[in-house]
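Colleague: Please see the structure below; I have some questions.
The values are calculated or read from the model by the stated rules, or taken from the named source; none is laboratory data. Note that the structure is predicted; figures quoted are calculated from it, not measured. We place every Cβ from the backbone using ideal geometry, glycine too, and count neighbours over all the protein chains shown. Side chains are part of the model used for accessible areas, which takes the heavy atoms of the whole protein and leaves out ligands, DNA and RNA. Shrake-Rupley method; radii C 1.70, N 1.55, O 1.52, S 1.80 Å.
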Amino acid sequence: MVSSEFSDRPLKKLVLFDVDGTLSPARQAVSPAVTKALQDLRKKVVIGFVGGSDFVKISEQLSVSGSNVVDDFDYAFAENGLTAYKSGKLLATQSFIKFLGEERYKTLVNFILHYVADLDIPIKRGTFVEFRNGMINVSPLGRNATIAERNEFEAYDKKQGIRAAFVKVLQEKFADYGLTFSIGGKISFDIFPQGWDKTYALRHVEQEGFEEIHFFGDKTYKGGNDYEIFSDPRTIGHSVDNPDDTIRILKEVFQI
């Protein structure tokens, strides 16, 4: 039995979306076409997003004409669901620092910053480690890079495997920390406790009685930050190439 607050939807289904590369280009605003598709979809099913970024960044990308993103989606899951909203109301939150402890956290960050300092890549900008509530985000390039610089680094990284090599070193060095290292977006990767990947968001919806839970994402390959929720037996996964691809599949599957 689906929650009474969603009884107006003819299909008792939940559709969740990754943000970067699925609903909008990485760190860019959602298009009017995607917004229209989501509005049409919401008339039929319950919808939500599951992003790795913090709530402020996701809001910047998905808010339309000053609207509040928690009003535009039934579920809003930032930081893989560690910050969660249902029908505009804040649910439980979790803390990466509490999980790891200050000493272990400091050891990890010190190692990362030394590694970045010794890394020889064409350009570096700023904010190489960004602390979030439920994870840290690491960027060899630096999160202060421009869109053009991000695109250049992505192309360079595809050839050189900078992020993949970085993750491999961290996995070996901190094997006893109970952490997951997940590559996402164009320039960075996330570090969070095992089990705090995007499947974390599912614990907020499991008891709702949905007949189906669909998930749309672009990083659905093993090692990508959509892989775990995409391949989870509780979800029906859809792999997309870009936001236009998301719209195409939504029209095919849900006849919007």
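Colleague: Would you be able to tell me the number of residues in the stretch 26-35 that are within 12 Å of residue 246 (Cα to Cα) and under 14 Å from the mean Cα position of the chain (by Cα)?
Modeller: 0
Colleague: Return the pair list, or none, for Cβ contacts closer than 6 Å from residues in the stretch 68-81 that are closer than 15 Å to residue 217 by Cβ to residues that are open to solvent by less than 10 Å² (accessible area, probe 1.4 Å) and in a helix (DSSP H, G or I), at least 6 apart or on different chains.
Modeller: Every condition considered, the pairs that remain are 77/201; 80/198; 81/201.
Colleague: Here is a further query. For residue 46, state whether it is without any contact (Cβ under 8 Å) to a residue 40 or more places away in the chain and touching a Leu at 6+ places or on another chain (Cβ under 7 Å).
Modeller: On the way: without any contact (Cβ under 8 Å) to a residue 40 or more places away in the chain: no; touching a Leu at 6+ places or on another chain (Cβ under 7 Å): yes.
It is false that residue 46 is without any contact (Cβ under 8 Å) to a residue 40 or more places away in the chain and touching a Leu at 6+ places or on another chain (Cβ under 7 Å).
Colleague: So, restricting to helices (runs of 4 or more DSSP H) that lie completely within the stretch 65-174, which ones have at least 3 residues that are open to solvent by 40 Å² or more (accessible area, probe 1.4 Å), modelled with pLDDT of 95 or more and touching a Phe, Trp or Tyr at 6+ places or on another chain (Cβ under 9 Å)? First the steps, then the outcome.
Modeller: Working: elements: 69-72, 96-100, 102-118, 147-160, 162-173.
Per the criteria, 102-118, 162-173.
Colleague: Further, regarding this structure: Looking only at the stretch 200-226, filter to residues that are free of Cβ contacts under 8 Å to residues at least 40 places away in the same chain and within 30 Å of residue 140 (Cα to Cα); which one of those is least open to solvent (accessible area, probe 1.4 Å)?
Modeller: In this case the residue turns out to be 220.
Colleague: Then there's this: Run residue 256 past the list (1) over 19 Å from the mean Cα position of the chain (by Cα); (2) part of a helix (DSSP H, G or I) and report the number of the one that doesn't hold.
Modeller: All conditions are met except number (2).
Colleague: If you go through the stretch 227-253, how many residues are among the small types (Gly, Ala, Ser) and in a loop (DSSP other than H, G, I, E, B)?
Modeller: Qualifying residue count for the region: 0.
Colleague: Take the conditions modelled with pLDDT of 95 or more and surrounded by fewer than 22 Cβ atoms within 10 Å (Cβ to Cβ) and apply them to residue 57. Does it pass? Spell out the reasoning first.
Modeller: On the way: modelled with pLDDT of 95 or more: no; surrounded by fewer than 22 Cβ atoms within 10 Å (Cβ to Cβ): yes.
Against the criterion (modelled with pLDDT of 95 or more and surrounded by fewer than 22 Cβ atoms within 10 Å (Cβ to Cβ)), residue 57 does not qualify.
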